[in-house]
Amino acid sequence: MCGCHSSMTPIKTTCPYCGVGCGVEVTPAADGRWELRGDPDHPANRGRLCSKGAALADTIATDRGRLLKPVVGGTEVNWDGALDAITDAWQRIIRDHGADAVAFYASGQMLTEDYYVANKLMKGYLGTANIDTNSRLCMSSAVAGHERAFGADTVACSYSDLETTDLLILVGSNLAWCHPVLYQRVKQARRARTDMRVVVIDPRRTETCEIADLHLPVAADADISLFNGLLSLLAAADELDEDYIATRTSGFDAVLDKASPATTEALLAETCGLATKDVALLMTWLRAARTTVTAFSMGVNQSRCGTDKVNAITNLHLATGRIGKSGCGPFSITGQPNAMGGREVGGLSSTLAAHMAFSPENCARVQRFWGSPRIATAPGLKAVELFEAIERGDIRSVWIMATNPLFSLPDADRWRRALERCDCVIVSDCVDDTDTLAVADIRLPALGWGEKTGSVTNSERCISRQRAFLPAPGDARADWWAICEVAKRLGFTEGFSFDNVAAVFAEHAALSGFENNGQRDFDISALAGAAERTYLDASPVRWPLGAPEVFQDGRFFTQDQRARFVSVKAESSIPQATGRFVLNTGRVRDHWHSMTRTGRAARLCEHSVEPLLSVHPEDAAALGLDEGEFVRVSSDCGRVLLRCELSPQQRLGEVFVPMHWSGRFSGASAINRLVAAETDPVSGEPAYKCTVVSPAAEPVAWSGVYLGPATVTLETDYWVVVPAGEHQRILFASTEGSAAVAASARNALATALLPHGNRCITLHDAQAGIHRWAVLGVRNELIASLSIGVGEIDRDQGWLSSLLNQNGIVPMDESWLLAGMSPLPQSARGRLVCSCNRVWENEILEQVRAGCMTTEEITSRCQAGGGCGSCLPEVQSLIDQHQQQEAVCQAV
Ligand code: SF4
């Protein structure tokens, strides 16, 4: 336990996953583990957690898989050695090639204080704006849209607006899976307020549609046409707020001229690939509603026209005066835990600092505040541009912190070659095995969640603490400390001699208020004077501090204090051709980013075990694909191999693949290999949601399942690791012949497991085309099992998992093992739907077939949904599917 927290008083901290920013209470348990629950006092969640947050205690690991020592050129060194090596490299490169030849690539996982010193070093002391962040990949279009409309990156809403609005429009947001606690808040509000409407605009019918009164399956990138068209229709119906437009905004006439030419609901519906009656219903509700919130997320931002989409949405709110009032506004919901904190310090290359743009006045002001020797005077390179500069050799060293760009950038394979050629790649991370660490020249061990202290800001501008409750493992140190140590070695001692993290925060807060006088939106200078103890004990606080909600006074942060309408024109539609599909990517419910943390919690790994290609059954039939079959998906950038899932929730002509499977957890399935490095021209955000791909059935000769210790690796054409604590399942398949696959799998097994006194029993059924091996330990316990067969092997193997490491398997069981069958009557479990109470799909279906037709009944019968509640949309969807099947049967 961390020395500073030895009492049983819960330690209040913040969940490290999504931008909801839920408060978490952590208490040491008697058995040395940690008990964890939602913080009832935190304004974001009031005690709720989702499945990921609820499983955080399972993900704590201070030794396994951790980077524990600094490493330079493959050799472990002490911190002095590593910091000196960075300093030498950067001094040499800056001397020979200038400051723009070094760069920093940050992350929304970083704490605000880490971000602050990184930005200060790069922009203020080295004089380059080449610091960007992986937040560029998820919400920079929202930032650019806000700046164009409001004159500052101001988020116009708070979470309570989602609950008080008459009409909630969710665009490109699967709230149920990506921001589950917000989803639960909306669901509860909607239950209490029968007059509240929820509309989901998304090409897919996602789990969020469980609470939707209307789902509009809009065609890919047709959002601008839709919002422009709604604006035109409202104008034609004389339903705009003329007074608000006249007194609080500028540029309206131009916007209306450029808006969609669709002047009827039917035309608009046709343009957007929607049903006329659905557009008409949305129009009716828009006209009737007194208040509207349009909440949007990656489906809007991650687009070649993401910034224009944000402004099309914002235009509608300005034109109806539905902004700056309770229950009103466009609301960007961020993906990462501290995307907003990064925006506040200036972690994006396009912002100077503290929400200030690169004007000459701001540059002079910030340099004055920092007392720095120089200041960057123009925006730096945005994420993809930054890696292009590395590829060209213009940037010769990059310091990558808390992110894995070789997994997350579009056209991911291309940057591997760029980083391999780069003179000095520095990676700070808390895990020891990522795609990017593999090409690092210098590796720095960082603190993970539970070990570091600092602040994060959530989607509604609420600043909370992450607090340490675990000791630092090995030589891991805080990121802000490592940056300051390099800065001091570079000769900038005065600017980076912070005694503690509280001092960093105090300076950040002071800068926000420096020469502000109410001119800038971000001002938390009231927090600048806090002593260290006050900083550490601080409760969550939402800005603006001690002032009305943003825009309530009708003032914006432009020169004339009016909001600007931004004329945006709809993009031409995605070119379609036979055999070509639009690929959409996104998250699954129980995983986070590249699974480095969620992959440690076995219960989070059984909900979505493989990166499936979701395809509409009609499209699948045309492609000759059936459920579970393999499909090769190609784009102009690369190829991946995936298993296919039939999904009527998909639009025809569009497919979906989740983004979490990195090279550590899968071979040939990392989806960002397919996504082109095409970006929004304003924000620089990549278009992850709209890649043109060609799927083609790829029959595999063999498939197999390995179950056993995590030390075994099997690499075939297709492999996916499903972690389960000390054990793992590997699902694999190959187009190679049987002999080659069987031999390589058997060798992998033998090398890893047989030298320990274990024995191997085998079965080869040539006629059935099945090979099975089971490794038994000295006490006859099951150590591992491997099955390879022609066609489909039982991938679930739940009964085998339960046998692992049980003592004394009787000989009869050996025959069951080799037969691949449970000795007990057991049926397949399906996916793990409720990860809190471990309730599987087929158990729930059994209750549905027995007559349970509400989620409450299911919960009372089998506990599904009785934990965090994140699975309730899926439970409902299983009930709905059953009812639909019943209706079809009755009709027949
Ligand atoms: Fe964490 Fe879930 Fe809350 Fe997001 S919604 S902050 S993942 S507990």
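The values are calculated or read from the model by the stated rules, or taken from the named source; none is laboratory data. From a predicted model like this one, the values you see are computed outputs, not experimental measurements. Neighbour counts run over all protein chains shown; Cβ positions are idealised from the backbone, glycine included. The accessibility values were calculated without ligands, DNA or RNA, using every heavy atom of the protein model including side chains. Shrake-Rupley method; radii C 1.70, N 1.55, O 1.52, S 1.80 Å.
Summary table
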item: Accessible area (Å², per residue) of the chain, counting only protein heavy atoms and a probe of 1.4 Å; result: 35 Å²
item: Ratio Rg/Rh [Cα only; Rh per Kirkwood] for region 82-160; result: 1.09
item: Fraction of the pair-distance distribution of region 228-312 above 22 Å, Cα-Cα pairs, percent; result: 32 percent
item: Cα-based convex hull, the chain, per residue volume (Å³, whole number); result: 170 Å³
item: Using θ = phi - 60° and Karplus 6.51 cos²θ - 1.76 cosθ + 1.60, couplings along region 93-102 (whole Hz; Gly, Pro as x); result: 5, 5, 5, 7, 10, x, 5, 6, 8, 10
item: Hydrodynamic radius by Kirkwood, which averages 1/r over all alpha carbon pairs of region 240-280, in angstrom; result: 11.9 Å
item: Test item: Cα-centred dipole of region 197-258, Lys/Arg +1 and Asp/Glu -1 on Cβ, debye; result: 220 debye
item: Kirkwood-type radius of region 483-547, with distances r between different C-alpha atoms, in Å; result: 13.1 Å
item: Cα pair distances of region 256-411 binned at 5 Å [whole percent]; result: 2, 7, 10, 14, 17, 14, 11, 10, 8, 5, 3, 1, 0
item: Of Thr434, Val501, Phe514, farthest towards positive along the dipole that unit charges on Lys, Arg, Asp, Glu beta carbons give region 397-542; result: Phe514
item: Which of Tyr105, Tyr244 is most accessible, then next, and so on - probe 1.4 Å; result: Tyr244, Tyr105
item: Residue-by-residue Karplus 3J(HN,Hα) for region 544-555, coefficients 6.51, -1.76, 1.60, Hz, glycine and proline x; result: x, 7, x, 9, x, 4, 4, 6, 5, 8, x, 9
item: In Å², nearest 10: area of His593 left accessible to a 1.4 Å probe; result: 40 Å²
item: Aspartates and glutamates whose Cα lies under 17 Å from that of Lys187, excluding same-chain neighbours fewer than 8 positions away; result: Asp161, Glu163, Asp166, Asp195, Glu207, Glu210, Asp213, Glu856, Glu874
item: For region 1-114, average projected area of the Cα convex hull in nm²; result: 10.4 nm²
item: Modelled FRET efficiency - R0 51 Å, Met853 with Ala30, Cβ distances, 0.05 increments; result: 0.75
item: Stretchable slack from Ser326 to Thr735, in nm (0.36 nm times residue separation minus alpha-carbon distance); result: 141.4 nm
item: Inter-site label distance for Arg392 and Ala266 at 7 Å from Cα along Cβ, in nm; result: 5.2 nm
item: Distant-in-sequence amide H partners of Ala528 (H built 1.01 Å from N, under 5 Å); result: none
item: Distance violations [Cα-Cα > 29 Å] among Lys12/Lys52; Lys52/Lys325; Lys69/Lys120; result: Lys52/Lys325
item: Most positive-pole-ward Cα, Ala472, Ser870, Gly638, against dipole of the chain from beta carbon charges; result: Ala472
item: Å³ per residue enclosed by the Cα convex hull of region 546-671; result: 219 Å³
item: Accessible-area ranking of Val71, Val631, largest first, probe 1.4 Å; result: Val71, Val631
item: Cα-only radius of gyration and Dmax that characterise region 615-773, units Å; result: 18.5, 63
item: Rg to Rh, two decimals, where region 167-294 supplies the alpha carbon set and Rh follows Kirkwood; result: 0.98
item: Probe 1.4 Å, all protein chains present, accessible-area order of Asp84, Asp243, largest first; result: Asp243, Asp84
item: Rg/Rg_globular for region 689-754, with Rg_globular taken as 2.2 N^0.38 Å and Rg from C-alpha atoms; result: 1.32
item: Amide H partners (placed H, <5 Å) of Ser428, local residues excluded; result: Ile400, Met401, Ala402, Leu444
item: Under the Debye formula (equal points on every Cα, no solvent term), log10 I(q)/I(0) of region 108-212 at q = 0.19, 0.22 Å⁻¹; result: -1.06, -1.22
item: Solvent-free Debye scattering, log10 I(q)/I(0), computed from the Cα coordinates of region 517-590 at q = 0.11, 0.12, 0.13, 0.26 Å⁻¹; result: -0.67, -0.73, -0.77, -1.24
item: Over region 474-521: Rg over Rh, Cα atoms, Kirkwood Rh; result: 1.11
item: All lysines inside 20 Å of Lys309 as judged from Cα atoms, apart from same-chain residues fewer than 8 positions distant; result: Lys258, Lys382, Lys569, Lys689
item: Near-label residues of region 594-626 by backbone N, under 20 Å of a point 7 Å along Cα→Cβ of Val790; result: 626
item: Ala530 paired with Gln890, simple spin-label distance in nm, labels 7 Å along Cα-to-beta-carbon; result: 5.9 nm
item: Equivalent ellipsoid dimensions for region 375-425 as semi-axes, Å, which come from the Cα gyration tensor, largest first; result: 18, 13, 11
item: Solvent-accessible area of Ile390 with every protein chain in place, 1.4 Å probe, in Å² to the nearest 10; result: 10 Å²
item: Rounded to the nearest 10 Å², the accessible area of Lys382 at probe 1.4 Å; result: 40 Å²
item: Farthest positive-ward along region 528-574 dipole, Cα basis, beta-carbon charges - from Pro548, Ala531, Thr558; result: Thr558
item: About the Cα centre, charge dipole magnitude for region 288-374 (Lys/Arg +1, Asp/Glu -1 at Cβ), debye; result: 100 debye
item: Student exercise, the chain dipole from Lys, Arg, Asp, Glu Cβ charges, in Debye to nearest 20; result: 940 debye
